[in-house]
Each structure stands twice: as structure tokens, then as C-alpha cells.
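The values are calculated or read from the model by the stated rules, or taken from the named source; none is laboratory data. Computed from a prediction, not measured in an experiment: that's the story for all the values here. Neighbour counts are summed over all protein chains in view; Cβ atoms, including those assigned to glycine, are modelled from backbone coordinates with ideal geometry.
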Amino acid sequence: MSWTALRSLSRAMFLGFVRDRAALVFSILIPVLFLVLFGSIYKSTSAPRVSVVEVGRVSLLDQAEAAAPGSLGKVLSVTHSGDLAASLDAVRKGNEDAVVQQQGRTLIVHYSIADQTRAGIVQALFSSIVQQADAAAAGGTAGYQLTALQVEDKSLKPIQYLAPGLLGWAIASGGAFGAAITLVSWRQNKLLRRLRLAPVSVGSVVLARVGVSLVVALIQLAAFLAIATLPYFGLKLSADWWMAIPVVICGTLAFMSIGLLVGAFATTQQAATAIANVIILPMAFLGGAFVPLDFAPAWIRDVSYAMPLRYLVIGMQNVMARGETAASALPAIGILLALTAALTLAAVRVFRWDAV
Amino acid sequence: MVAPMPATISVRGLRKSYGAVAAVDDVSFEVERGEFFGILGPNGAGKTTTLEMLEGLREPDDGELSVLGLPPWPRNPALLPRIGVQLQASSFFEKLTAREQIRTFASLYDVPSRRADQMLGVVGLDEQADIRAEKLSGGQAQRLSIACALVHDPELVFMDEPTGALDPQARRNLWDLLRQINADGRTVVLTTHHMDEAETLCDRVAIMDHGQILQLGPPAALVRQLDTPVRISVESGQLTAADAKALARDEASGDAVSDDGVSLTVSTRDPGAVLAGLASRNALAGLRVQGATLEDVFLELTGREYRA
């Protein structure tokens, strides 16, 4: 294998990529825009403040506020209204979480169970307000006191699943489309044949193409990390985040081998793009890239084990966001490499130099 | 005693079938060192398949094949640096300039960039060096493609329809380049279905159809062999109808006279006598003498019916 040939082939392919605006936009700009967009949209959904409409006067709320100034405002936002029907309608439509009224010593809470979490919070909140008021009215000092200590929040913040998910999708698309379209267009314009007629090994050509794809994938990784760790998005990288680099490399190889197989069958670029889309897009939903598996229905979680993208996304997520050890990514790496080997072998068997 | 120099290309009993179709059916020929050899034929005649087997891109079903004394199949790394293959004008890397293209191809043969840049000058693309390949005109792209095929200074060059879609100026321009390549001592093998191209460039041509070689020889010899009448035409109105008739004396051998009001045309196998007759009547204005061309040979051999 000639180093001169390898270097100049890599250079030619990399220049081809960098000068191709469409490729740059699709592989880097669009995924980054998705990250910024979804990162911003889902950023503020984690604080579950309950919004309540106070119809008429509810003295219990005033008492609770007086008993512990400021604390009620953390969990409750209260607006006032004189129109019960309109307020109930707002609850039905989900614009407000509850309506409260007080009739003498009876507190009436109207809520919707459309959002069960909210419904639970509303019920718990108001029964505790009533109990406190009862205790105060009885004049007794409370025998028991509750001190709540928050444990470290292990649930994922949106950015923690958005960043690895979207990055996984970007890397999968980049690898699969890159390999498939290169193969098909080189076969179409006979560059493949021209290279075969030059004293250069197939290995050099493949290695150069893989090298370029890996560089692109690492640029994608760097761009995502740079944006996700901005204070605005607030991704905190865990200690072993660097293990995401080998995961990205193995993921790129796996998806390039998928692209190679697609390119071996497709005869036109349009067909290659369509087939790659049919593979990658459903996988993005079923493999945890667009829909985080933690929140996905059980059947998607089951199906995801058959999706190569799952291992790329979960592998990155574990070491980047969940704070797991570097070793936790090894099974994902193993599966991605095994897949690469199997698919490459299959692609070599059906490989065609020429269209006819 | 000196052993005769082996032919640059030697083909004996070459066959290749695709399913039931015999694309190349028992083809034999030799190409000598320094020769400009053309393979002519209608579409689907088997010329491209023949060329691909010579280049080592396809495995022959049967027959003996030696290129520069070596078997081209399986892919022979010892042979590849000695042959140059010009493919379509679009066989380039995406988004690279002319200079970057040829330097990349040069590096595949361990040829320095300096030599690649020189080659760009040889094909007259110095001014287009920084233009991307896809922005070059058809003729320029074809020149670049030829430069890329020649960058490693091969002894033997294969060209498949090099002037395919070029305008007349670009074609003539390219012919000069091809002649020069051959004059530099390289053996050139070219396929084409342009008869004028083969006639003007090739030392010898093989006319193929249905996978077989129908005729093989220098274009002029093939034309002479055809033995068709020469067409002599002059401006109308210089001769009376009777005088004109008198010129075509030997009607038995196919002599004929026609006058379409623009030109008076005499077809004859005795052009000397007709020309002398015209000269003695001072009726040579607008004289044109047309012999048979390679195209006539080709049509005679392959038939005139249209094939898609």
C-alpha cells in the first residue's frame, strides 16, 4: 500500500466533502440546528410548577402562605378569577392545572386527570394544606415534622438525551449516506473503474474513504459537545466522556457498512438515497435517537435492541451523560464492530465494479 | 538471428458471452508497437467488451490474450503502470479542480506533481488548471481525461469513443492531440463509430459487428477494396444534356449521370476519362470528386438498416 496514494486519495475525498455545500449542511448544520432547536424547546419543562385559579376568596391559601412565607410560590402559581365556568373550561383545556374554591370550611379542588402527574401533585398539595390548617385550628403543636432531603437527580435532563440521540442520528446518516452515495456515483461515472485500472490497492481506496468519514464524524461530535456544554443548554460531561470517541468511530464504521451494502444494490444515487432513508429514518425513531428510550413505549424499547443505532446512542449516552464508566460502552462497541464485520463481508460479496 | 519483437497486443480466438448473447465471438488480431489501431462497429458490436478484456476489466470466456507480453486478467499490477485508459469525460473526483484531479491520478502511479502539471500543459489546459472538472467544457473535460490517462507515460493507451459528444472544432483539436500522442511512440487503441475519425487517425482498423471482426486493414485499403464508382460533380448548366450523357460511356459497369439543377453528377469507374472530357469542354467550375469512404465500407459490411 502506497502512502502517497493513500494521502492524496484522502485529500481528494476530503476536499470533495468540504466543497460540497449540501453535504456540509446535511451532515453538520442541520443536526446542530436540531440540537439548538429541541434543546431550547425542552429546556424549561423540568420544573413542575402547578398553576391554580382561585375563584372567589380561599383563605386557606392565605394561611398557608402566612405559615411558610415564599415556599408556596415555589410549587404553585396562583391567579384570581371571578368566573367559575371559564376557569373550569381552562382546566379542561389543560391551560390551568386546577381551580380552587372555598365554601365555609370546605375546600373544593377541580382538576383534570388528563395529566396524571399534575393531578397527583394538585391532590397532594391541597390535602397537605388542609391538614396543616386543621392542625393549626386544633391548636396543637404538630408531633411530627417532615424534613425532605432531595437525592441526586438521576433522571435525564432533556439535553442529556437530545445530544447523544441527535448526534447518533447525524453520525448514522453521515456514515450510511456517505458510503452509499460515494459507491454508486463512482460506479456511475466510472471513477471506480478508473481506480481499478491504476496500480492502487482496493484497501487504499476504502481506507481513504473511511478515514474521511471518521474525520467528519469526529467533527460532528466536537460540534455537538461544544454546543451542548454551553451554559445555556447545560450538558455536564461525565468523567469518562472521552469513551464516546471510540463509540463514535465504531458507530461510523457500522453505518458505513450499511451504506456499502445499500450502494452495492442501488444503481442510481436517487435509489441509494431512498433506500438509506428507509433504513435510517425509522431507526432514528425506533433506536432511541429521536424518541428517548426512557420515555418510549415498551414495544419500542423491545424493538430497539434490533436497531444498530440504539447501541451508538446508548453507548454515547452512558459515558457522556449518565456518568457511567468507560467500560460500560464496551458491549455497544462490540456489537457495532460485529455488525460492521458481518455487513462488510456481505457487501464485499455483492460488490460490483460496474453497472453492467 | 534476432527473435521478432512480440506484438504489443496479441489476441487469438477471444470469446465472451453474456447469457445467451455472444458479445465477442472468436476475435483474433495483433497490434504492433507504435501502431494507431481502431476498432469500429455499430453500438452493441462488441468493441467495448473487447477493449475491456484487453484492459483487464473483464475475464475472457475463452481465447489467448497478451498485452505487452503479459496476461491482463486477473488484474495485473505489473501491467497497470504500462497502460493508460481514457474513460468517459466525467470519471473524475467530485469538486476538484483540473490540477487537483491530475495530481491525484499522478499520485496513484507515484508520479510527481510537477510532471502532472506539465501534462496539463501538453493537453492545453494550463489556463483551466484552477477550474473544477465539472465546470470544464466538453472538449476541455475530454482533454483532462486524456491527460489523466497519460500522466504516468504509458506505452499503450486505450480510448473508448474519445470524441463522443464534441463539436467539430473540439474534435479536430482532439485529433491533433491524439496524433501527437501516437507520434511520441505510444501504441494507441481506440474504439469509435465515427468513420471519418478512424479514417484520419488510424493506421489500421478492425470493423466489428455481432461480436466478430468483419474486415481488418488500413482504411485506404479497405476503401479501395470496396470498388465503388467515383462521383464527379460540377455546377449545372455548363453542359448540354447530350454532352453530359456522352461522358458516362460505360453504362454497363454502372456509370450514371444525374442533374438536380444545382449540380451535374457523373458516377464512373473511369474518372480520368470523365475529368478529361469535362476539362476539354471547359466545364470544371465547382468541381468535386468524391471517392468511397470508410463509411461506405462500414455500411456495406454492417448493413444500412437502423438499429436502436
Inspect segment A:282-295 for any residue being in contact (Cβ under 8 Å) with a residue 24 or more places away in the chain and either in contact with a strand residue (DSSP E or B) (Cβ under 7 Å, 6 or more places away or on another chain) or surrounded by fewer than 16 Cβ atoms within 10 Å (Cβ to Cβ) (or both) and give the result as yes or no. yes
Can you spot a residue in segment B:182-194 that is within 16 Å of the chain's Cα centre (by Cα), buried (at least 16 other Cβ atoms within 10 Å of the Cβ) and of a type in the set (D, E, K, R)? yes
How many residues are under 20 Å from A:Ala170 (Cβ atoms), assigned to a helix (DSSP H, G or I) and in contact with a Ser or Thr (Cβ under 9 Å, 6 or more places away or on another chain) if we restrict to segment A:287-311? 2
Please enumerate the residues belonging to segment B:153-188 that are in a helix (DSSP H, G or I) and of a type in the set (A, V, I, L, M). B:Ala170, B:Leu174, B:Leu177, B:Leu178, B:Ile181, B:Ala183
So which residues in segment B:101-115 are buried (at least 23 other Cβ atoms within 10 Å of the Cβ) and either in contact (Cβ under 8 Å) with a residue 60 or more places away in the chain or farther than 17 Å from A:Leu197 by Cβ (or both), if there are any at all? B:Arg103
Pull out all pairs, ordered by first then second residue, where Cβ-Cβ is under 7 Å, the residues are six or more apart or on different chains, the first lies in segment B:218-242 and is basic (Lys, Arg), and the second is assigned to a loop (DSSP other than H, G, I, E, B) and modelled with pLDDT of 80 or more. none
Of all the strands (runs of 3 or more DSSP E) wholly in segment B:30-110, which have at least 3 residues that are more than 14 Å from chain A (Cβ to nearest Cβ)? B:36-40, B:62-67
Can you list the helices (runs of 4 or more DSSP H) lying wholly within segment A:196-286 that have 1 or more residues being on the phi < 0 side of the Ramachandran plot, among the aromatic types (Phe, Trp, Tyr) and in contact with a Ser or Thr (Cβ under 6 Å, 6 or more places away or on another chain)? none
A:Val210, sole failed condition from (1) modelled with pLDDT of 95 or more; (2) surrounded by fewer than 22 Cβ atoms within 10 Å (Cβ to Cβ): (1)
Where in segment B:196-273 are there strands (runs of 3 or more DSSP E), lying fully within it, with 1 or more residues that are under 20 Å from B:Gly286 (Cβ atoms) and of a type in the set (A, V, I, L, M, F, W, C)? B:230-235, B:256-259, B:263-268
Need the failing condition index for A:Gly259 against (1) within 12 Å of another protein chain (Cβ to nearest Cβ); (2) farther than 30 Å from B:Leu79 by Cα; (3) not hydrophobic (A, V, I, L, M, F, W, C), just the number. (1)
Would it be correct to say that A:Ala239 is more than 10 Å from every other protein chain (Cβ to nearest Cβ) and buried (at least 24 other Cβ atoms within 10 Å of the Cβ)? no
Test B:Leu70 against the criterion of being closer than 26 Å to B:Gly46 by Cα, at pLDDT below 95 and surrounded by fewer than 22 Cβ atoms within 10 Å (Cβ to Cβ), and give yes or no. yes
